[in-house]
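Working notes for the structure below.
The values are calculated or read from the model by the stated rules, or taken from the named source; none is laboratory data. What you see is a predicted model, and the numbers here were worked out from it, not measured in a lab. Backbone-built Cβ (ideal geometry, glycine too); neighbour counts: all protein chains shown. Surface accessibility is based on the protein's heavy atoms, side chains included, excluding ligands, DNA and RNA. Shrake-Rupley method; radii C 1.70, N 1.55, O 1.52, S 1.80 Å.
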Amino acid sequence: MKRKTQIALLVFMAAIVGLDQLTKYLTVRGIPMGEQVPLIPGVIHLTYVRNTGAAFSLFSGMRWLFLLLVVVFFAATVLLIRRGVVTRTAELWSLAAIGGGALGNAIDRLLYGSVIDMIEPEFIDFAVFNVADSFITCGAVVLVIFLLFFDRRKKSA
């Protein structure tokens, strides 16, 4: 992988972490725990909550497991890139989005023992989430779509 691409991916990940941590800081500073603040009425509001688990509070209280999974994710990603298994642009940017989100949530787990969530849709019954979760989800969706429908290497093998 070219040095310029490496730098761009690292900057992208850092931007995700920065945006995630900024929104969490503003949430903690500006919204009392459990309170709701309208953002787009009828569509989305901000609700300050903390989550000790994963999505939908699954596996609550398993802080060290989640931190270990982040370490394993980065180790596996680096290994796959170094061995040339992951080389495609869509794969790299998807993994960077997932990695940036994972780092954002890992920082919370290390500092606070839980993840700060604040984005709550009003139009559907859905879990409260954060910026990091959005990047993890979008990165994973793009990666799966790419691997299933656009990865010519897999189809020719």
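Exposed loop sites, defined as trypsin sites (Lys or Arg not before Pro) outside DSSP H, G, I, E and B with at most 13 other Cβ atoms within 10 Å, are absent from the longest region of the chain, namely 3-82. At a probe radius of 1.4 angstrom, the accessible area of the chain per residue rounds to 61 square angstrom.
Take every Cα pair under 8 Å whose residues are at least 6 apart in sequence, average their separation, divide by the length of the chain, and the relative contact order is 30 percent. In the calculated pair distance distribution of the chain, what percentage of Cα-Cα distances lie above 24 Å? Everything past 24 Å amounts to 39 percent.
Estimated from the Cβ-Cβ distance and a Förster radius of 25 angstrom, the FRET efficiency linking Arg152 and Lys2 is about 0.75. Think of the stretch 73-136 as having a plus end and a minus end, set by charges on the Cβ of Lys, Arg, Asp and Glu; of Val131, Gly101, Ile81, Ile81 sits farthest toward the positive end of this dipole. If you plug the beta carbon distance of Thr137 and Arg82 into 1/(1 + (r/R0)^6) with R0 = 30 Å, you get a FRET efficiency near 0.70. Over the Cα atoms of the stretch 1-80, the radius of gyration divided by the Kirkwood radius equals 1.08; this is the Rg/Rh ratio. Basic side chains Lys and Arg get +1 at the Cβ, acidic Asp and Glu get -1 at the Cβ, and with that the dipole of the stretch 1-156 about its Cα centre reaches some 1140 debye. When a 1.4 Å probe is rolled over the protein heavy atoms, the share of accessible surface on the stretch 44-155 that falls to carbon and sulfur comes to 73 percent.
With each label modelled as a point 7 angstrom along the Cα→C-beta vector, the Ile31-Val11 pair spans 3.1 nm.
Computed from backbone phi, the HN-Hα couplings of the stretch 134-142 come to 4, 5, 4, 5, 5, x, 5, 5, 4 Hz, rounded to whole numbers (Karplus: 6.51 cos²θ - 1.76 cosθ + 1.60, θ = phi - 60°; Gly and Pro given as x).
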